[in-house]
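Some notes on the structure that comes next.
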Amino acid sequence: MPGNQGQNVDLAIVVAIQVIYSIALLVLISAGLAIVFGMMRVINLAHGEFMMVGGYATIVAVNAGVNIYIAMLIVAPLAVGILGLLIERLVIRFLYGRLVDTMLATWGLSLLLIGLVTLIFGNTTTGISPPIEGFPIGAYQVNGYNLFVIVITIVMVLAIWAVLSGTRWGLIARGTMQRSDMASALGYSPDRVYMITFFAGSALTGLAGGVLAPLVGLVPTSGTQFIAKAFITVISGGASVIAGLLSSATLFGLVSQLFTFSINPMVGEIALLVAAVILLRLLPQGITGRFFRGSM
Amino acid sequence: MAGSQVRQTAIVLVIAVIAMLVAPSLIDTYTLTVLIIYGMLALSLGLIWGFGGILCFGQAAFFGLGAYAYAIAAINIGESTVPFLVGIAVPFAFAFVLGAMMFYGRLSDVYLGVITLVVTLILFKFINSTAGPEYVIGKARLGGFNGIPGFQTLNVPGDPSWYIYDRSFYYFCAIALLVVYALVRWLLASPFGRIAVAIRENEQRVELMGYDVRFRKTVLFAIGGAIAGLAGTLFASWAEIVTPGMFSLSQSAEIIVWCIVGGLGTLTGPIIGAMILAYLKFLLGQQTLFDSTLLLGLILVLSVLFLPRGVVPTLALLYSRIGQGRRRPSTRATARRRMRASADV
């Protein structure tokens, strides 16, 4: 029947959007962590809380009458970037090169941030509604905001790539990460480069938090649901920032959506985690430790 | 075991026994019992992380697994002796398989952390989703996020109606901790323990000497799992309910915090760290002025920055320095020996 076939096409489109959306979501929530880990070998376990702060910054700004897009795309990244800058100066810069200690200190920071936000906003759910309406494809309803998330993610990845490979600043940053002594001999202060890189990573995390704010009911502990996924995506990706991020997000997004559609979302979540375990067992250096070596 | 180590262990045990007898007059035994259980949990990570160099982000997995294994077995059997052993054996076996998978795959550092973290998450999500009546093991329903209540708590072997509870349960847990402590000390003084420490220091060199590093790490990891499982079993008996929260990331995080604050590379450090921090959290939970998470976070950040060695080693070092000052000025070699001795506590 033609009607049936049309429905199948609609379903295929809806599924495709959903799969791309879940991949984009993984990229979006992991990007800040990937910059900080891939460039600086610092694992920021307060990453989820940075996102949570970005979300709160957005909501506060919107409630204060700021346009929602300005709140998400400018206020949230700035707020979290400045927070990251403070934390880098006060804590993290003393711990460079001590991977485990940075993990522990940032874990402490994440608890601290949860406590602070609880103190300020209370332990209640706040939220704003998505600014974009849903629209139908055939018999199915598609969430318009999901498409916005996909677009933002693509723009963000392109921007990261452009900055890292096309600008002088990206060149200096990459050089410093490879040989900080050389960069320092050439007159660039590694301390400042680390500081700015951490600011950039934090700002991206804030952006993710802001963009996701309309999708989740925010509570002070919202961050914890992101950190594990972001952590897994970044580590499985391996050393290359962009290639690693994209490849592991694609793999995990596909696996989790495959199981979500064929069984249920719960199994999808578990499948993602099992895939991560198998992947790391087979490729202990992450995907870019074996494939796409030397890419960015 | 060298003579000085025997003496040190004996001193620690004597102090611990005195503390065990005095403590109930200061804090109620119900709270004390859980502090001891947390101490044992911290000891399990302190062993594999501090002496084996294996940073496990999912020690809570074995803790929860021990508790669930005990609860399920207790519902099915009704008498607590066999479930008690099951509660230790299941996490041991699970840790052995998981460890074998990781160490024979040559995973280390961050990747180890991620895998253990992920496995904990899988268990947490799985147990959380088992609310339906189709998830049954024998007579026990898994109960999802509600957990499993109403199982047989610890009893005197052979008599299911003679419960070990309240003060006697406190002594049972305290003595269990002392026994485990002594056993771990003995294990670390044995050739197995010495080689485990050597692996932590330089894995490649030990491997070139002909030892099977992968197998030894796996066994050490499994022993850590068994101790965490024992802590879980006791916890199940204490709380009289097991919930998925035992598998949670925050539980894992707390164990790591205990170890790092108490002092890595020692056994008493993690135990003391766990007891102090858990009691602090308990006290903070009773007031509403400060959020307890906030303070715990602050403690963790400050201790990483200013006390990277942990409380116990720092105190031991201070103590030996004071002792040195009082006696005749000693050479640097003895100072170093003292430092090493302090790390053995």
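Taken together, the values in this text are just the output of simple stated rules run on the coordinates, not laboratory data. For clarity, every value in this text was computed on a predicted model and none was experimentally measured. Neighbour counts are summed over all protein chains in view; Cβ atoms, including those assigned to glycine, are modelled from backbone coordinates with ideal geometry.
Axis of helix A:224-237 versus longest Cα principal axis of chain A: the two differ by about 70°, to the nearest ten degrees.
Taking other C-beta atoms within 10 Å as the exposure proxy, B:F51, A:F148 rank A:F148, B:F51 from fewest upward.
Taking the number of Cβ atoms within 10 Å of each Cβ as an exposure proxy, the fewest-first ranking of B:W49, B:W186, B:W258 is B:W186, B:W49, B:W258. Against the main long axis of the alpha-carbon atoms of chain B, helix B:213-239 sits at an angle near 60°. Axis angle, to the nearest 10 degrees, between helix B:59-77 and the longest C-alpha principal axis of chain B: 40 degrees.
Each stretch of four or more DSSP H residues adds -39500 (n - 2.57); spread over every residue of chain B, this sum gives -23500 deg cm²/dmol at 222 nm. Its Cα centre serving as origin, chain B has a Cβ charge dipole (Lys and Arg +1, Asp and Glu -1) of approximately 1680 debye.
Across peptide A:265-273, the average count of Cβ atoms from other chains found within 10 Å of a residue's Cβ is 4.
Each residue in B:F62, B:F169 was given a count of other beta-carbon atoms within 10 angstrom of its own, and listing them fewest first yields B:F169, B:F62.
Counting only Cα atoms, the size of the protein assembly as shown along its three principal axes is 79, 67, 55 Å, in decreasing order.
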